[in-house]
């Protein structure tokens, strides 16, 4: 069995395709349990964010089967999907997962939110009951390595995020953000980061629109903003110079008609909009309006690239930590396999020992001379303990498996030398 990572992200596919295969929070547990039923899947976890959807597995599954499952689950055509999918196995799968958790594979190099999203992925998989063995241990190693990357490199220094990029782009549209009103759609972590960056630029009026008022009120109280329901947004939209949307909605929240009506009230004063969400919150047709500057997460790439150069050296250092972390984890996993083999062999030996000892005790009770009983016990133990290894070694010799024979010779020779030295030491004592 092996580790497998299959996914689609901002580097391999446009947002129009990524949004088709994204998972809502409510879909994850049913999806995981269904995925677990696929051929060759022993353990599974799913990471779904605005920039990527990735499936992490342990088992013997074929990547093609997982792509078929992904398309079937989302009622999508698998043929175009295959062109944008990537897969990694074993060592590369572990390293990829570590890169993702460390922010090295993010649209914004080193962004910290992805680690929290990866931890949520782990928690949901545990809740679904699809994480229990090697994949569980892999996630623990991933978190340890990501923490080391954060603490031992400068990858997290200098504020660079999708939220930061969105506000930076707004600064290119408006000369002075202080005089502008911002309408934020959603009330999650990304929106809160946007608010923080807007506040740093001096924006005073911030309106937070959310499906539930409580979360919006919490942010409004924290940052001295206004909270409204999504249903009330048409009454406020014409006040907004800046609109930034980031929700988990499966359908667009802001349509072309609503924006057209707002523009009329604004006498066609321009509006700057950034749709960070996947699936998109703002209808793409809004971008066709003459007085609207609409950007998606893909459009932020140029802005982001200008802000990540300072992290490139840290990324090189982080890659070294990831290589070491993945190699150490896989070595530990292999050592656990060896422990299991030794434990199994010891259990077999102890069963043979118990059986032969019982025979010997019966013979002593029946009056057989102790010397004969001990000789027979030693002979039987020797024969039964070396029987299976002897059969396998003869088979290896017949099949010309030289490497296996050399390994066995080294193992048995060292074992005999160790036993001899231990015997001499005990005799001296």
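The values are calculated or read from the model by the stated rules, or taken from the named source; none is laboratory data. A quick note: this is a predicted structure, and the numbers were derived from the prediction, not measured. Cβ atoms come from the backbone with ideal geometry, glycine included; neighbour counts cover every protein chain shown.
Details
- Candidate set: the range 206-233, residues that are crowded, with 16+ Cβ neighbours inside 10 Å and in a strand (DSSP E or B); chosen: the one nearest to the chain's Cα centre (by Cα): 210
- Sole residue being in contact with a helix residue (DSSP H, G or I) (Cβ under 9 Å, 6 or more places away or on another chain) and in a strand (DSSP E or B), chosen from 182, 148, 170: 182
- Selection count where residues are part of a strand (DSSP E or B) and more than 13 Å from the chain's Cα centre (by Cα), scope the range 88-115: 1
- Among the residues making up the range 250-285, those that are touching a strand residue (DSSP E or B) at 6+ places or on another chain (Cβ under 8 Å), crowded, with 17+ Cβ neighbours inside 10 Å and part of a loop (DSSP other than H, G, I, E, B) are 252, 253, 276, 277, 280, 281, 283.
- Inside the range 20-36, residues that are assigned to a loop (DSSP other than H, G, I, E, B) and under 11 Å from residue 61 (Cα atoms) make up a count of 0.
- With respect to (1) surrounded by 17 or more Cβ atoms within 10 Å (Cβ to Cβ); (2) free of Cβ contacts under 8 Å to residues at least 24 places away in the same chain; (3) at positive phi, the lone exception for residue 186 is condition (2).
Yes/no matrix, rows are residues, columns are (1) within 18 Å of residue 345 (Cα to Cα); (2) modelled with pLDDT of 85 or more; (3) surrounded by 13 or more Cβ atoms within 10 Å (Cβ to Cβ):
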residue: 360; (1), (2), (3): no, yes, yes
residue: 371; (1), (2), (3): no, yes, no
residue: 381; (1), (2), (3): yes, yes, yes
residue: 387; (1), (2), (3): yes, no, no
residue: 402; (1), (2), (3): no, no, no
residue: 410; (1), (2), (3): no, no, no
residue: 418; (1), (2), (3): no, no, no
residue: 422; (1), (2), (3): no, no, no
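- Test: residue in the range 236-244 that is in a loop (DSSP other than H, G, I, E, B) and at pLDDT below 95: no
- When residue 140 is tested against the conditions (1) within 20 Å of residue 93 (Cβ to Cβ); (2) buried (at least 17 other Cβ atoms within 10 Å of the Cβ), the lone failure is (2).
- Hits in the range 234-249 (condition: crowded, with 20+ Cβ neighbours inside 10 Å and without any contact (Cβ under 8 Å) to a residue 60 or more places away in the chain): 237, 240
- Condition met for residue 297 (within 14 Å of residue 18 (Cβ to Cβ) and surrounded by 22 or more Cβ atoms within 10 Å (Cβ to Cβ)): yes
- Count of residues meeting criterion [farther than 20 Å from residue 279 by Cβ and in contact with a helix residue (DSSP H, G or I) (Cβ under 6 Å, 6 or more places away or on another chain)] in the range 229-249: 5
- Comparison of 135, 131 shows that the only residue that is closer than 21 Å to residue 91 by Cβ and not in a helix (DSSP H, G or I) is 131.
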